[in-house]
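First up is the structure itself, then whatever we jot down about it.
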Amino acid sequence: MIEHGKPAPSLSGTTGDGNTIKLSDFKGQWLVVYFYPRDNTPGCTTEANAFRDLYAEFRQRNAEIIGVSRDSTKSHHGFSAKHELPFPLVSDPDETWCRAFDVIHEKKLYGKLGLGVVRSTFLIDPAGKIAQIWRKVRVKGHVEEVLDSIPQQ
């Protein structure tokens, strides 16, 4: 179970550009891992663009960003190119990352219950430990809140 102060899980995944990344690749810097339901939907696009627009400020704080959803690498590639996202999107069709971070929960969509990704963000410190957790994220103002949680260099 993901908890504040505990080590982040040891995971690797394939990004929209076909590269493999591991969470351990980011030790020594802050890492924002955000989970979102689906590429090219209004809330997910707004969130991705907000991270994109503040990306330079995250980098100034020695922070990297990774987006994760169950979409395919092909979908991620197109979404990333369309919105000029400067950070990787991990494809998680088998829900390995989603389950490790406990973001798959029952949701109601159009009056029907089903399992889906609950929009969530995790901040991992340079030592690889969970520094902050945001669950059931509302997009407006969220990215600024995440940035404000990372100490300035």
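For this structure, a couple of remarks:
- Think of a 1.4 Å ball rolled over the protein heavy atoms: the chain then has 53 Å² of accessible area per residue.
- For the pair LEU115 and ASN62 in one chain, pulling the backbone fully straight at 0.36 nm per residue adds 15.6 nm over the alpha carbon distance.
- Dipole axis of the stretch 97-153 (+1 Lys, Arg; -1 Asp, Glu on Cβ), positive-most option in CYS98, LEU115, VAL146: LEU115
- Coupling constants for the stretch 15-25 follow from the phi torsions by the Karplus curve (6.51 cos²θ - 1.76 cosθ + 1.60, θ = phi - 60°), and in residue order they are 8, x, 8, x, 7, 9, 10, 10, 4, 5, 4 Hz; glycine and proline get x.
- Nonlocal amide H pairs with GLN132, under 5 Å, H built at 1.01 Å: LEU123
- Per-peptide average of other Cβ atoms within 10 Å, ordering 58-70, 140-152, 36-48 highest first: 58-70, 36-48, 140-152
- Net charge of Cβ neighbours under 13 Å - reference ILE21; Lys, Arg +1; Asp, Glu -1: -2
- Label-to-label distance, nm, for residues given as GLN29 and LYS140 (7 Å Cα→Cβ offset): 3.2
- Extending 7 Å from Cα along the Cβ direction at MET1 and again at ASP102 yields two label points whose distance is 0.5 nm.
- Carbon + sulfur, % of accessible area of the chain - ligands and nucleic acids excluded, 1.4 Å: 48
- Cα-based Lys proximity count in the chain, under 22 Å, for pairs eight or more positions apart or on separate chains: 14
- Charged neighbours of TRP30, selected by a Cβ distance under 15 Å, balance to -2 (K, R count +1; D, E count -1).
- Listed candidates [x] 1.18; [y] 0.97; [z] 1.09 - label of the one calculated as Cα Rg over 2.2 N^0.38 Å: [y]
- For the stretch 73-86, 3J(HN,Hα) computed residue by residue from phi via the Karplus equation (6.51, -1.76, 1.60; θ = phi - 60°) reads 4, 4, 4, 4, 4, x, 4, 5, 5, 4, 9, 6, 6, x Hz, glycine and proline entered as x.
- Antiparallel %, DSSP beta bridges [both residues in the chain], to 5: 70
- Label point 7 Å beyond Cα of LEU54 along Cβ direction - residues of the stretch 110-133 with amide nitrogen under 19 Å: 119-126, 131-133
- Taking amide H positions as modeled 1.01 Å from N, with prolines and chain starts lacking one, the residues under 5 Å from ASN40 and 5 or more places away or on another chain are THR45.
- Full-extension gain in nm, THR46 to SER149, via 0.36 nm per residue minus C-alpha separation: 35.1 nm
- Other residues lying with their Cβ under 10 Å from the Cβ of HIS105 contribute a combined charge of +1, Lys and Arg counting +1, Asp and Glu -1.
The values are calculated or read from the model by the stated rules, or taken from the named source; none is laboratory data. Since this is a predicted model, take the numbers as computed values, not measurements. Heads up, the Cβs are rebuilt from the backbone with ideal geometry, glycines too, and the neighbour counts pull from every protein chain shown. The protein model used for the area step is the full one, side chains on, heavy atoms only, and it has no ligands, DNA or RNA in it. Shrake-Rupley method; radii C 1.70, N 1.55, O 1.52, S 1.80 Å.
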